[in-house]
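Notes follow the structure.
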Amino acid sequence: MQPLYVIGDIHGHLDKLANAVNLIDQDGGKDAKIIFIGDLVDRGPDSKGVVQFLIDGIAQGRDWTILKGNHDRMFEWFMQSPPRHDAHFLVGMHWFHEKIGGVETLASYGITVTPMIDRLYEIHTQALANVPQVHVDFLKSQKLLHCDNNFIFAHAGINPSHPMDAQNEDDLLWLRPPDRYYPKDMPFLVIHGHTPIEEPTHFGTHINVDGGAAFGRALIPVVICDAGTYTITARGRQPIKVI
């Protein structure tokens, strides 16, 4: 099979994204097939730069598949008129909560948000003026699910009790599966992010590629190939941790 490269949750870290893509280019060349697992924006300092980097890469003909994460949908929904709130938030939380990252995302577009001072409609008006429409369209165009050979890619995972053509959008974006959630006899391997862990890890039925780049750790790309599953580092391919 053609090697499949996966980049996990970026969360506004353009420098980490550029480094991860460079590592893949060195490993598989610029024709490498890369699946981005979602959560492109929020928390990090340059969500605008991340979105533009990916738009530019696709325009250059790179074989990149971009999946939507729950944070990408938050941004997309805020850009609607009127702004839309995600019901999956805990009560009392919102996109501009300090733990979520909307403040940092809009800051990358030149918009300063001061919680409990600014009015939502004022920030929304600024966002409509400052966020390029091509960025909004890009957020809307992201896929929720991608299938390739015997691999299923989704930001948060899938619901194994539902067929692939009947998956629920909220599940694909928000699931946090408990241990042994996926049946061992599934005919495919699930590749997801969303739940940050110390490093990309293979759990037998699924691989979590969110190594916690949003929280100070590296953005470590993964390659899936006939020889196995590996992380890609400056020292080359390293066998992925299996538990």
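Only the coordinates and a few stated rules stand behind these numbers; no lab work does. Note that the coordinates shown come from a computational prediction; the quantities given were computed from them, not determined experimentally. FYI the Cβ positions are ideal-geometry reconstructions off the backbone, even for glycines, and counts take in every protein chain you see.
Residue-wise test of (1) assigned to a loop (DSSP other than H, G, I, E, B); (2) closer than 21 Å to Thr195 by Cβ; (3) out of contact with any Pro (no Cβ under 8 Å at 6 or more places or on another chain); (4) not hydrophobic (A, V, I, L, M, F, W, C).
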{"site": "Leu40", "(1), (2), (3), (4)": "yes, yes, yes, no"}
{"site": "Gly57", "(1), (2), (3), (4)": "no, no, yes, yes"}
{"site": "Thr65", "(1), (2), (3), (4)": "no, yes, yes, yes"}
{"site": "His71", "(1), (2), (3), (4)": "no, yes, yes, yes"}
{"site": "Pro83", "(1), (2), (3), (4)": "yes, no, yes, yes"}
{"site": "Phe89", "(1), (2), (3), (4)": "yes, yes, yes, no"}
{"site": "Trp95", "(1), (2), (3), (4)": "yes, yes, yes, no"}
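Taking the stretch 230-243 as the search range and keeping residues that are more than 20 Å from the chain's Cα centre (by Cα) and in contact (Cβ under 8 Å) with a residue 40 or more places away in the chain, which one is farthest from His13 (Cα to Cα)? Result: Ile243. Going by the conditions given, is Thr205 over 14 Å from the mean Cα position of the chain (by Cα), among the polar types (S, T, N, Q), within 20 Å of Lys33 (Cα to Cα) and surrounded by 12 or more Cβ atoms within 10 Å (Cβ to Cβ)? Taking the combined requirement at face value, the residue does not satisfy it. Taken over the stretch 134-174, the criterion of being on the phi > 0 side of the Ramachandran plot and surrounded by 19 or more Cβ atoms within 10 Å (Cβ to Cβ) is satisfied by Gly157 alone. Residues in the stretch 80-94 that are surrounded by 12 or more Cβ atoms within 10 Å (Cβ to Cβ) and touching a residue at least 24 places away in the same chain (Cβ under 8 Å): Pro83, His88.
Report whether or not Leu40 is touching an Asp or Glu at 6+ places or on another chain (Cβ under 6 Å) and aliphatic (A, V, I, L, M). For Leu40, the condition - touching an Asp or Glu at 6+ places or on another chain (Cβ under 6 Å) and aliphatic (A, V, I, L, M) - is met.
Scanning the stretch 108-126 for residues that are surrounded by 12 or more Cβ atoms within 10 Å (Cβ to Cβ) and either under 19 Å from the mean Cα position of the chain (by Cα) or farther than 21 Å from Asp86 by Cα (or both) gives Ser108, Tyr109, Ile111. For the stretch 215-241, a residue qualifies if it is touching a His at 6+ places or on another chain (Cβ under 7 Å), crowded, with 17+ Cβ neighbours inside 10 Å and farther than 14 Å from Ile37 by Cα, and the qualifying residues are Thr229, Ile240. The listed residues are Asp39, Asp9, Asp46, Asp63, and the only one of them that is among the acidic types (Asp, Glu), farther than 16 Å from Ala218 by Cβ and either in contact (Cβ under 8 Å) with a residue 60 or more places away in the chain or in contact with a helix residue (DSSP H, G or I) (Cβ under 7 Å, 6 or more places away or on another chain) (or both) turns out to be Asp46. For the stretch 120-229, the strands (runs of 3 or more DSSP E) that sit wholly inside it and include 1 or more residues that are touching a residue at least 40 places away in the same chain (Cβ under 8 Å) and farther than 30 Å from Leu90 by Cβ are 145-148, 151-154, 222-225.
For Ala129, the stated conditions hold: it is loosely packed, with under 11 Cβ neighbours inside 10 Å and either of a type in the set (Gly, Ala, Ser) or in contact with a helix residue (DSSP H, G or I) (Cβ under 9 Å, 6 or more places away or on another chain) (or both). Please list, ordered by first then second residue, the pairs with beta carbon atoms under 9 Å, 6 or more apart or interchain, first in the stretch 25-36 and under 14 Å from Met1 (Cβ atoms), second of a type in the set (Ser, Thr, Tyr). Sorted first by the residue in the stretch 25-36, then by its partner, the pairs are Gly28/Tyr5; Ala32/Tyr5; Lys33/Tyr5; Lys33/Thr65; Ile35/Tyr5; Ile35/Thr65. Looking only at residues in the stretch 50-66 that are buried (at least 16 other Cβ atoms within 10 Å of the Cβ) and of a type in the set (Val, Ile, Thr), the one that is farthest from Ser108 (Cα to Cα) is Thr65.
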